[in-house]
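Single-structure report; data block below.
The values are calculated or read from the model by the stated rules, or taken from the named source; none is laboratory data. In this text the structure is predicted, and so the values were computed from the model without any measurement. Note that we place each Cβ from the backbone using ideal geometry, even for glycine, and neighbour counts take in every protein chain shown.
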Amino acid sequence: MNKLALASFCMLGLAAPAFAADTYDIEPNHTFPRFEYSHLGLSTHHGQFDKTSGKIVLDRAAKTGSIDITVDMASVNMGNPKLEEHLRDEDFFDVAKFPVMTFKSNQVKFNGDVPVSAEGELTLHGVTKPLTLAITNVKCAMHPMVKKEDCGAEVTGMLKRSDFGVSKFTPMVGDDVTLHIQVESIKE
């Protein structure tokens with residue numbers, strides 16, 4: 001290739017539109033990881049975490065993305081202060097030693113330009129294990145107050161708490177934990 005052709009090729013490359021991934025900040029006032037587990041085999045207890053932060057990156061054209069979420073474990077909310085205090089202590093979350101839970105994806109799968117699952121690693125109680133999260137109900141629209149794109153979704157997953165070293169009172173307190181996460185995120 002001669003110098004003129006090479007220079008023209010390079011200039012065309014610079015002039016071509018670049019499609020970049022979109023980055024979204026987790027909206028902490030509308031994102032609540034919820035969980036449920038069996039209690040004595042008699043009822044299903046429900047709880048949530050009230051403080052969540054993180055980023056979601058999506059490149060819909062390339063069908064790639066990443067998710068990086070941090071949950072403040074001390075923000076556990078069961079609607080019962082005494083139970084919340086017990087969940088924070090050494091028997092369960094041990095928040096003094098393990099203050100956060102994180103999920104970091106290593107792959108986001110798409111159906112067309114819509115994310116449908118995220119495979120990654122969950123770190124809880126100092127233990128990191130693989131976790132797959134299903135993503136449904138993905139909707140994006142202009143946020144009426146901040147005037148930026150706002151995307152929401154429902155996210156679900158399953159884990160065994162004993163896999164993460166949180167096995168006290170098993171089987172009276174169920175080992176199987178179902179996650180339900182309502183998430184909203186604002187485009188940067």
Being over 16 Å from Leu179 (Cβ atoms), in a strand (DSSP E or B) and in contact (Cβ under 8 Å) with a residue 40 or more places away in the chain is the filter here; which residues of the stretch 115-148 pass it?
Pro115
Would you check if there is a residue in the stretch 42-58 being modelled with pLDDT under 95 and assigned to a loop (DSSP other than H, G, I, E, B)?
no
Check the stretch 104-113 and report whether any residue there is surrounded by 15 or more Cβ atoms within 10 Å (Cβ to Cβ) and touching an Asp or Glu at 6+ places or on another chain (Cβ under 7 Å).
yes
Arg161 versus (1) surrounded by fewer than 15 Cβ atoms within 10 Å (Cβ to Cβ); (2) in contact with a strand residue (DSSP E or B) (Cβ under 9 Å, 6 or more places away or on another chain); (3) over 18 Å from Ile56 (Cβ atoms): which is the lone unmet condition?
(1)
Given the criterion part of a loop (DSSP other than H, G, I, E, B), surrounded by fewer than 17 Cβ atoms within 10 Å (Cβ to Cβ), of a type in the set (D, E, K, R) and modelled with pLDDT of 95 or more, identify the matching residue among Glu90, Glu85.
Glu90
For the stretch 97-111, check the following and say yes or no: at least one residue is part of a loop (DSSP other than H, G, I, E, B) and within 17 Å of Ile69 (Cβ to Cβ).
yes
Residue tally, condition under 18 Å from Val71 (Cβ atoms) and aromatic (Phe, Trp, Tyr), over the stretch 152-188:
1
Counted residues, the stretch 142-184 - those being closer than 17 Å to His30 by Cα, of a type outside the set (D, E, K, R) and within 20 Å of the chain's Cα centre (by Cα)
10
